[in-house]
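Quick notes on the structure that follows.
The values are calculated or read from the model by the stated rules, or taken from the named source; none is laboratory data. Note that this is a predicted model, so its numbers are computed, not measured. Cβ coordinates were reconstructed from backbone atoms using ideal geometry, including for glycine residues, and neighbour counts include every protein chain displayed.
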Amino acid sequence: MRSSASRLSLWLLLTPFLLWIVLLVLLPHLQMLRVSFQVRESWDTLAWGLHQYQNFFTESYYWRTFVRTGVMSLFTTFLTLIIAFPIAWYIARLARGRARGILFMACLIPFWASELVRTYGWMILLRESGVFSSWLQALGWADGPVEMLYNDVAVIIGLVYNGLLFMVVPLVTTLDGMDENLVEAGYDLGGSHGTVLREIVVPWAMPGIVSGCIVVFMLTLGSYLTPVLMGGKDSAWFTEQIFTQFITRFNWEQGAALGVLLLVLSSVIVWLGLKISGQSLRKVMG
Amino acid sequence: MGMDSDLFCEGLVRRFGSNAAVDHISLDVPAGTFFSILGPSGCGKTTLLRLLAGFDRPDEGDIHIRGQRMNQVPPNKRPVNMVFQHLALFPTMSVGDNIGYGLKRRKVPVAQRRKRIARVLEQVGLPGLENRDPGELSGGQRQRVALARCLVLEPTLLLLDEPLGALDLKLREQMKVELKHLQKQFGTTFVYITHDQSEAMVMSDQVAVMREGRFDQVAPPEELYREPATPFVAGFVGDNNRLAGELVAVRDNLAELRLDDGSLVRGRVASGELEIGSRAGLYIRPESLVLSGDALTSGFSAMQANVRTTLFDGANSRVEAENGGQPVFARLPQDGSAPRLSTGSTIRLAWDPALARVFGADNL
């Protein structure tokens, strides 16, 4: 009696989670995996095969975009880490009381607006008739309007901005738990600023660094709006390829194959990152 | 002495706002000695230690280590290492890496580093634990690793910030003795801060009693115990009874007090400014009090007291009594010869006036 009641409550608790996993994660991915191996022979006949994957490797535009997206995402993640670390250090170790709360808020506020609005914010600043361009002209540093949008730098700026909060939060959490005496002991035993950072602070913050990097990397790799809006037509982001296949060309088979490849890429890179940093997913996300 | 000692400070001041946490402190620690700074929490001893380590800079005064002025030298360049209160072992490194950290900073080659790590671990009684994680060690072992991490660098001065505080009682007693032995074995000068007078007494060659940013007295433990220079030291170091009364006479360096219950008692004059007719305090240690019955050794002072309770604590068993509203503790004899003391019964406590000390009330 008792055990059946507790079993029921366990199932009730698990239901939302299972629905989430099965309906939103497993089903679409299995379906996508299935579709990606389908080859359309004519309008009403299908065969199984690796045609879509062959396309990916033979069509250089596909795999170049793929590599480019991966490399740029890694670079964005790294840049986000470099920018977020001092911010997190300041919030966790130096700021006190009210200042701390305000700084945290300052990181959070941009996320009250949608990604679309945030991206348009950057476009207002960077476009040819935008704020920076007119300032440069007013200061006499530029003769005519300067276009700062629609290049890789603009895309990376937008992506770093979008990822910053997701890097700052785990870093603040880990740095917050570090005993001040550890840093002092590092100096006391003869360490310079560099060695204390490298040998004591970074190893301590590693779980936070890795979890922040995983989240930012996944967000960046899978982001669509920012590269499209800030990079323009030629931004060549891999998600755009997937979008084009599914929506524009109505080639679901090819789109599904590209989607599966993106999933494989992000999984492999996260796995490599964990291996290299010597962290386990459980430790990092727990 | 002076500029040649391992540590020599003159007129150190460190202010936080208008409050001087360290207020004109001078000290002189000869090479190879164990120097303790004893004081209640908030007396400024941690601030003083941080000045010595270099984590903080004095507002006034000088710090000399082996004759070198250290005021502007950052902590990583001082020949000083510190054992932190919570040890601050690097949790991401093995025991060996913790100890090797300082050697690595000094660019000691790997082979030699390994040898020195093994040797120091042996010296602190933890041979072969290089590859263990600090988290796997017991409290006492971690303590020793923290010591080894500093001692392997052969510092001129080792600072210890109440490192025994986190240990349980039994281990603390054991580590006290061990620290003393290690200090002798390495010959390093130790500066140890603590609020536990027993730690300071057992281990130190010299103890400085600190209060409100100043040293009340700097002396070897025994002198501190037998000849406290101020009422604060008399009350803080070891157990002591304080009997308040009115000063009626001073003769041959002995002061005579009339206690509140009217009895006349005597003790040695401990401070110069005693004024006949003013209030004064007589300090007498529980072990100096004798339960005298009727017979009184000549020259002893005596008073009546009402028994409140007896406190059995093995060798430290005491009787708590009361005289004119003031509590008095007396040590019970070890041979069980004490009479049965029932609550409310009257006893006579006597003492040799040479063992009691009298301070003027303005000196409290």
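Of the residues making up the stretch A:172-195, those that are under 20 Å from A:LEU81 (Cβ atoms) and of a type in the set (Gly, Ala, Ser) are A:GLY177, A:GLY194. For the stretch A:159-174, the count of residues that are out of contact with any Ser or Thr (no Cβ under 7 Å at 6 or more places or on another chain), of a type outside the set (Phe, Trp, Tyr), within 14 Å of another protein chain (Cβ to nearest Cβ) and assigned to a helix (DSSP H, G or I) is at least one. Residues that are basic (Lys, Arg) and either assigned to a helix (DSSP H, G or I) or free of Cβ contacts under 8 Å to residues at least 12 places away in the same chain (or both) occur in the stretch A:97-114; there is at least one. Scanning the stretch A:175-200 for residues that are in contact (Cβ under 8 Å) with a residue 12 or more places away in the chain and in contact with a Gly (Cβ under 8 Å, 6 or more places away or on another chain), we see that the one that is farthest from the other protein chains (Cβ to nearest Cβ) is A:LEU175. Can you pull out the residues in the stretch B:187-223 that are in a helix (DSSP H, G or I) and more than 19 Å from B:LYS176 (Cα to Cα)? Hit for the stretch B:187-223 is B:GLU223, nothing else. The residue of the stretch B:231-259 that is surrounded by the fewest Cβ atoms within 10 Å (Cβ to Cβ), among those that are within 10 Å of B:VAL358 (Cα to Cα) and among the charged types (D, E, K, R), is B:ARG242.
Of all residue pairs spaced 6 or more apart or on separate chains, those with beta-carbon atoms under 8 Å, a first member in the stretch B:169-188 that is without any contact (Cβ under 8 Å) to a residue 40 or more places away in the chain and a second member that is small (Gly, Ala, Ser) and part of a helix (DSSP H, G or I) are B:LEU171/B:GLY139; B:LEU171/B:GLY140; B:GLN174/B:GLY140; B:MET175/B:GLY140; B:LYS176/B:SER198. So is B:PRO134 at pLDDT below 95 and surrounded by 18 or more Cβ atoms within 10 Å (Cβ to Cβ) or not? Criteria met by B:PRO134.
Of the strands (runs of 3 or more DSSP E) that lie entirely inside the stretch B:1-102, those containing 2 or more residues that are surrounded by 14 or more Cβ atoms within 10 Å (Cβ to Cβ) and within 14 Å of another protein chain (Cβ to nearest Cβ) span B:80-83. Could you tell me whether any residue of the stretch A:184-205 is farther than 30 Å from B:LEU160 by Cβ and aliphatic (A, V, I, L, M)? Scanning the stretch A:184-205, I find no residue that is farther than 30 Å from B:LEU160 by Cβ and aliphatic (A, V, I, L, M), so the answer is no. You will find that of B:ARG142, B:ARG116, the residue that is of a type outside the set (A, V, I, L, M, F, W, C), surrounded by 16 or more Cβ atoms within 10 Å (Cβ to Cβ), outside any loop (DSSP other than H, G, I, E, B) and in contact (Cβ under 8 Å) with a residue 40 or more places away in the chain is B:ARG142 and no other. Every test in (1) at pLDDT below 90; (2) at positive phi; (3) within 14 Å of chain B (Cβ to nearest Cβ) is passed by A:PHE250 save one, and that test is (3).
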